[in-house]
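The values are calculated or read from the model by the stated rules, or taken from the named source; none is laboratory data. Remember, predicted model here, so these are calculated numbers, not experimental data. Because the Cβ atoms are built from the backbone with ideal geometry, glycine has one as well, and the counts that use them run over all protein chains shown. For the accessible areas, the whole protein counts, side chains as well, though only heavy atoms, and no ligand, DNA or RNA atoms are used. Shrake-Rupley method; radii C 1.70, N 1.55, O 1.52, S 1.80 Å.
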Amino acid sequence: MVGQHDENLLPEMLPVYYTRLFPQNIFCRWLACGSSPQPLSNRELSFTLADDIYLRYLSINNQKEFQTLLQKKCPHKLDIGAVYNTKPSIGRHDAVVLSRELVFDIDLTDYDEVRTCCQEAKVCNKCWKFIVVACEIINAALKDDFGFQNILWVFSGRRGCHCWVSDYEARTLDSPGRAAIADYLCLIFGGENKNKKVHLGSDNLHSSIKRSLNIIDRYFLEILEDQDFLSTSEGTKKFLKIIPDDTLRKQVEDSFGRGSSTVDKWECFIQTYYQFCKENINAIRKMKYLVEEIKIQYCYPRLDVNVTKGFNHLLKSPFSIHPKTGKVSIVFKPENARNMKLEDIPTIYSLLDDNSPDKIQHQNNMRTAVKNFQEVVFSLEKTEALRRRNEANTSIDF
């Protein structure tokens, strides 16, 4: 079948992809800016070859070397690591990590307890809406709350996305600083055995939480319809266990008999909750934000915080090919995530196979992704040039 994924074809197709379609020039410029003030050669690259042969501590001096390395090794997976004080190499114990982008990893498997359309590695356009919400919430927080500007969003190639923050202040954050940002962005706490995982207290909500809820509200009814959380007895039991008051829980359970769909049952819950709060003033104190807490528990971003906190976690490169799907890790704009369809994401087959019915559309989508990448890199280069100029002026004045 045309375009069907076959990992055995990658050794034949990857050299062509890397030569013709991988944006080597802009990629190396991005890495160089992200490595500054250290040379590009101090950045670690990692290749995973056929048969899961794993090569770490690779480095390049320029685009020509990168091109040669790609053609020689033909990696099935390309990962990016940190910037060191020297050229990284195996067994070199004097190498010290100096910087790396602030990164975030959002994987839909972390939503398995709430998504009903898919599980594990399977992904569809319905559960992609969780990624849309996550992109908009995190992007807004990074810009509005932390002032970061040079932010790159990349489809992971399978079931999620990665966010790279390349601002100098972000790249040079130490581990406690990265942990503080990760913790700031986390509102869901607790494992499988914890029913209620969001606790907003009773004080006025922080502006960042209000902003996040506004974003969630734009998609909440769609997600309710798509995921149909309350269509099964198991889903209904999970929902009811979130309610901390026994009396309210029983009233909500009884009210569900008036609704057939999840949206109907949600409306029954809302009406029952507000009526209960009117009749029980003291309940407001411990359940003031119950509606908001439930929305957050079902829809708020679920981050792999260990990826953000650590320096040594390797992350898949933009425009690498996912070996299990053949999809390109395209760069996209977070505000356009809602318009993305998984079937419209280019694959190595649709781009290179002349018989692919999606070739023209996917080639256009690939061009758009490269253009998105260029915009971020051009902005980063301007920012870095201005920073270096200001540093030079400060040194002269001193």
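Consider VAL370 carefully, then state whether it is out of contact with any Leu (no Cβ under 7 Å at 6 or more places or on another chain), open to solvent by 20 Å² or more (accessible area, probe 1.4 Å), among the aliphatic types (A, V, I, L, M) and in contact (Cβ under 8 Å) with a residue 60 or more places away in the chain. So VAL370 passes the test. Is it true that ARG158 is open to solvent by 50 Å² or more (accessible area, probe 1.4 Å) and in contact with a strand residue (DSSP E or B) (Cβ under 9 Å, 6 or more places away or on another chain)? The answer is yes for ARG158. Note on segment 285-313: among residues that are modelled with pLDDT under 95 and in a loop (DSSP other than H, G, I, E, B), the one that is least open to solvent (accessible area, probe 1.4 Å) is GLY310. Just one of the listed residues (ARG211, ARG218, ARG171) is crowded, with 21+ Cβ neighbours inside 10 Å, in contact with a helix residue (DSSP H, G or I) (Cβ under 9 Å, 6 or more places away or on another chain) and under 30 Å from VAL376 (Cα atoms), namely ARG171.
When we screen ASN214, ASN139, ASN193, ASN204 for residues that are without any contact (Cβ under 8 Å) to a residue 60 or more places away in the chain and either closer than 16 Å to PRO334 by Cβ or part of a helix (DSSP H, G or I) (or both), the only hit is ASN214. Counting only residues that are out of contact with any Cys (no Cβ under 6 Å at 6 or more places or on another chain) and over 17 Å from LYS286 (Cβ atoms), segment 195-222 holds 16 of them. Taking segment 52-87 as the search range and keeping residues that are of a type in the set (Val, Ile, Thr) and open to solvent by 60 Å² or more (accessible area, probe 1.4 Å), which one is farthest from the chain's Cα centre (by Cα)? The extreme case among them is THR68.
Counting only strands (runs of 3 or more DSSP E) that sit wholly inside segment 1-112, those with at least 1 residues that are in contact (Cβ under 8 Å) with a residue 60 or more places away in the chain, among the small types (Gly, Ala, Ser) and under 23 Å from ARG159 (Cα atoms) are 43-48, 77-84.
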